[in-house]
Amino acid sequence: MKRISLKWPLIIFSSFLSIIIFIVPLYGASLYSFRGEGGKGHSLVNYQWLLHQDGFYPSLFTSLKLAVLAGLLNLILMVPTMVYLNLKGQRYKSLVDFLCILPLIIPVVSLAIGAQVAMPKILQNSEYELVFFFVIIALPYTYRALDTSLQTVALKTLVEASRSLGATWTRTIIRVIVPAIRSGITGALFLTFALSIGEYTITSLLHWETFPTWTVVAAQQNILGAIAISVFSFVGAIALLSVIALFSKKSAQKAEVEE
Amino acid sequence: MSKSDRVSSTLELRGVSRHFGSVKALDGLDITVAPGELVALLGPSGCGKTTALRIVAGLETATAGDLMVNGVRYNDTPANERDMGMVFQHYSLFPNLSVSENIEYGLRARKVDSGKRKKRIDEMLELIGLESKRSAYPHQLSGGQQQRVALARALAVQPRVLLLDEPLSALDAQVRGQIREEIRRIQLELGITTLFVTHDQEEAMAISDRVGVMSHGRLEQIDTPIALYNSPATPFVASFVGHANRLPAEITAKGKARVLNQKVDISSSAEEFTEGMKVNVIIRPESLEIVSESDESATRGIVALKSFLGPMTKVGIAVEGAPLVHLNIASREVRKIEIGDKIAFKISSDEVMAERV
């Protein structure tokens with residue numbers, strides 16, 4: 001009996017689903033965001049309004065800055081930790097795995113209030129405390145991205161080869177491990193960045209202003225402007241993440257192609 | 001790089017032990033590798049040979065004993081400060097670095113200036129004959145080429161001791177032979193002290209100055225390949241090195257035994273055997289010879305197996321009351337022998353080794 005291929009029906013179905021879920025609302029929102037004053041005609045007036053709002057640039061800059069810092073801090077903390085766990089700390093792996101899932105289990109309110117109390121005073125009074133929160137909420141994802149990547153390379157052999165050639169641990173991590181798990185690192189960075197730049201609840205609870213919290217306030221003044229903000233955020237986030245993905249792909253290709 | 005560029009080192013392991021809980025992976029290992037010597041550690045899986053090598057490399061810590069290089073204790077020196085070059089069993093080239101960058105890696109770690117680095121890379125590439133592959137990445141090389149680059153990378157830093165951890169086991173038979181000879185050529189050319197771990201006796205015997213046979217974390221015997229083969233110190237060495245028949249026998253008098261209805265002399269051993277004791281004797285296939293069926297003192301059996309091994313053919317003879325007895329016969333002579341033929345053979349060896357059952 002001839003087997004029926006489900007490939008094309010699945011492609012058509014998933015494309016249809018994507019159109020319904022993502023493209024139709026985005027298209028609809030875009031149409032609204034380009035409406036002229038009084039809801040008539042098409043213009044860029046809502047985007048102009050957005051760009052001239054107080055707090056737009058500072059909040060956007062703050063979010064980008066905190067997201068970048070969170071991504072870097074996450075990598076600085078997690079890459080050596082994951083390397084250690086995969087090399088020598090196998091017995092602690094399930095414990096760390098459990099700890100990294102906790103941010104998904106603990107209610108955000110408890111996490112925000114509890115963790116803030118435990119933070120040093122100097123951080124409690126600084127927006128940089130958000131970096132630590134962003135790192136915490138990204139842990140479940142970065143743990144898995146890095147762990148999967150580390151398991152695909154001959155980590156032990158590469159580390160031992162590097163050490164036996166006279167390299168320090170720092171050199172080994174930077175020159176050998178990081179390039180070998182580039183895809184996992186990009187994934188971890190990608191996820192931390194995406195989670196950080198869109199994080200609202202903790203920021204709002206701790207009374208800091210980032211782009212998401214500013215957006216909520218600004219959106220209450222102008223409904224079409226609010227839609228323009230949504231479209232801007234969505235397209236902007238996709239553009240930024242695409243740049244990261246493209247950069248990572250290019251550097252991976254560079255390593256694979258002969259000099 | 002030539003012999004004069006380096007000072008060959010003496011490597012000593014003095015009573016080195018490594019315990020994993022109650023398991024003794026290594027139990028009081030004593031070995032001295034002379035400057036420029038290639039010593040192989042040979043043994044079955046789990047005998048402790050790789051643990052010994054890893055202790056020398058600084059990748060494992062000894063539970064007891066001392067590791068000395070040129071008389072200096074190295075036990076507490078970190079792996080990256082030991083100046084040992086190591087080639088691993090698995091391909092260990094850094095995948096993101098080209099061949100020349102891989103070779104350069106250890107030199108950069110030692111902060112060698114760029115002019116010297118470039119010169120050393122050229123020398124190493126010439127040594128392994130891969131000048132044309134300097135810009136290739138590991139995934140663009142064959143297994144044999146990768147191991148040659150790994151060897152060049154280990155040698156580029158002019159290590160005190162070269163450590164080879166079954167570097168040929170991942171290669172196919174033909175390439176293995178080539179690389180084996182290449183390793184020996186380079187080792188002799190550079191005069192570098194080398195410790196080579198393998199479970200392949202042919203490999204160990206072919207390129208080593210001395211071979212140490214290990215079992216259960218202990219060194220059974222260390223000697224030249226010829227001495228090891230001809231004068232094994234223990235039954236384990238006799239059966240592990242080369243091929244051997246292990247046949248049931250009975251002690252008939254002090255130093256005498258009867259095996260396959262033939263009388264043999266037992267070689268001197270630490271073990272005392274008393275008359276009437278059941279033992280196993282170890283007889284090499286080449287110590288058995290086909291004789292005429294009319295020879296009254298010969299053992300008779302039926303040919304049950306013929307395995308062509310090139311110039312020699314291994315013949316298995318089924319004898320009543322004994323496991324299959326193996327003989328090596330020149331392949332040009334074996335044509336006359338067919339499976340199922342009756343055959344007579346004698347033990348030609350002066351002495352055989354015995355062990356308790």
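Would you mind stating whether A:Ser149 is away from chain B (no Cβ under 11 Å), without any contact (Cβ under 8 Å) to a residue 40 or more places away in the chain, under 23 Å from B:Phe88 (Cβ atoms) and not β-branched (Val, Ile, Thr)? Here the answer is yes, as A:Ser149 does meet what is asked.
Could you tell me whether region A:160-178 includes any residue that is at pLDDT 90 or above, more than 14 Å from chain B (Cβ to nearest Cβ) and more than 21 Å from B:Ala154 (Cβ to Cβ)?
First pass over region A:160-178, keeping only residues at pLDDT 90 or above: A:160-178.
This time we only want the ones that are more than 14 Å from chain B (Cβ to nearest Cβ), so: none.
Among the residues of region A:160-178, not one is at pLDDT 90 or above, more than 14 Å from chain B (Cβ to nearest Cβ) and more than 21 Å from B:Ala154 (Cβ to Cβ), which makes the answer no.
Of the residues examined, A:Ile113 is not one that is surrounded by fewer than 17 Cβ atoms within 10 Å (Cβ to Cβ), free of Cβ contacts under 8 Å to residues at least 60 places away in the same chain and β-branched (Val, Ile, Thr). On inspection, B:Val352 qualifies as closer than 22 Å to B:Pro232 by Cβ and at pLDDT below 85.
For region B:97-111, a tally of residues being crowded, with 21+ Cβ neighbours inside 10 Å, within 8 Å of chain A (Cβ to nearest Cβ) and more than 11 Å from A:Ala161 (Cα to Cα) returns 1.
Here B:Leu53 fulfils each of the conditions (1) at pLDDT 95 or above; (2) farther than 26 Å from B:Val149 by Cβ apart from (2). Within region A:202-211, not a single residue is closer than 19 Å to A:Tyr84 by Cα, at pLDDT 90 or above and surrounded by 20 or more Cβ atoms within 10 Å (Cβ to Cβ). Which numbered condition trips up A:Ser5, out of (1) among the polar types (S, T, N, Q); (2) assigned to a loop (DSSP other than H, G, I, E, B); (3) at pLDDT 80 or above? Here A:Ser5 clears every test but (3).
Please state which one of A:Lys88, A:Lys121 is loosely packed, with under 15 Cβ neighbours inside 10 Å, among the basic types (Lys, Arg) and either farther than 28 Å from A:Arg171 by Cα or modelled with pLDDT of 90 or more (or both).
The conditions single out A:Lys121.
Kindly establish whether B:Glu123 is over 20 Å from the mean Cα position of the chain (by Cα) and touching a residue at least 60 places away in the same chain (Cβ under 8 Å). Spelling it out, B:Glu123 is indeed over 20 Å from the mean Cα position of the chain (by Cα) and touching a residue at least 60 places away in the same chain (Cβ under 8 Å). Here A:Leu111, A:Leu69 are screened, and the one residue that is assigned to a helix (DSSP H, G or I), in contact with a helix residue (DSSP H, G or I) (Cβ under 7 Å, 6 or more places away or on another chain) and modelled with pLDDT of 90 or more is A:Leu69.
Identify, please: which residue in region B:60-91 is without any contact (Cβ under 8 Å) to a residue 40 or more places away in the chain and either out of contact with any Ser or Thr (no Cβ under 7 Å at 6 or more places or on another chain) or under 26 Å from B:Asp223 (Cβ atoms) (or both) and is, among those, surrounded by the fewest Cβ atoms within 10 Å (Cβ to Cβ)? Here the residue is B:Asp76.
What helices (runs of 4 or more DSSP H) lie completely within region B:122-210 and have 1 or more residues being within 14 Å of another protein chain (Cβ to nearest Cβ) and among the basic types (Lys, Arg)? Break it down into steps so the answer makes sense when it comes.
Working: elements: B:143-156, B:173-190, B:201-207.
Here the list reads B:143-156.
Is it true that some residue in region B:241-249 is over 16 Å from B:Cys47 (Cα atoms) and in contact with an Asp or Glu (Cβ under 6 Å, 6 or more places away or on another chain)? Full working, then the answer.
Initial filter on region B:241-249 (over 16 Å from B:Cys47 (Cα atoms)): B:242-249.
Narrowing further to those that are in contact with an Asp or Glu (Cβ under 6 Å, 6 or more places away or on another chain): none.
No, because not a single residue in region B:241-249 is over 16 Å from B:Cys47 (Cα atoms) and in contact with an Asp or Glu (Cβ under 6 Å, 6 or more places away or on another chain).
Can you name every residue in region A:91-110 that is within 17 Å of A:Ile136 (Cβ to Cβ) and loosely packed, with under 11 Cβ neighbours inside 10 Å? Residues satisfying the conditions are A:Phe98, A:Leu104, A:Ile105, A:Pro107, A:Ser110. B:Val23 - would you say it is surrounded by 22 or more Cβ atoms within 10 Å (Cβ to Cβ), of a type in the set (Val, Ile, Thr) and farther than 22 Å from B:Ser169 by Cα? Considered against the rule, which asks whether it is surrounded by 22 or more Cβ atoms within 10 Å (Cβ to Cβ), of a type in the set (Val, Ile, Thr) and farther than 22 Å from B:Ser169 by Cα, B:Val23 comes out as no.
Among the listed residues A:Val135, A:Val159, identify the single one that is in contact with a Leu (Cβ under 7 Å, 6 or more places away or on another chain), buried (at least 19 other Cβ atoms within 10 Å of the Cβ) and over 26 Å from A:Leu69 (Cβ atoms).
Details: A:Val135 fails: over 26 Å from A:Leu69 (Cβ atoms).
On inspection, the qualifying residue turns out to be A:Val159.
Out of the residues in region B:69-94 meeting the condition of being more than 12 Å from chain A (Cβ to nearest Cβ) and aliphatic (A, V, I, L, M), tell me which one is farthest from B:Leu171 (Cα to Cα). In this case the residue turns out to be B:Val72.
The values are calculated or read from the model by the stated rules, or taken from the named source; none is laboratory data. What you see is a predicted model, and the numbers here were worked out from it, not measured in a lab. Cβ atoms come from the backbone with ideal geometry, glycine included; neighbour counts cover every protein chain shown.
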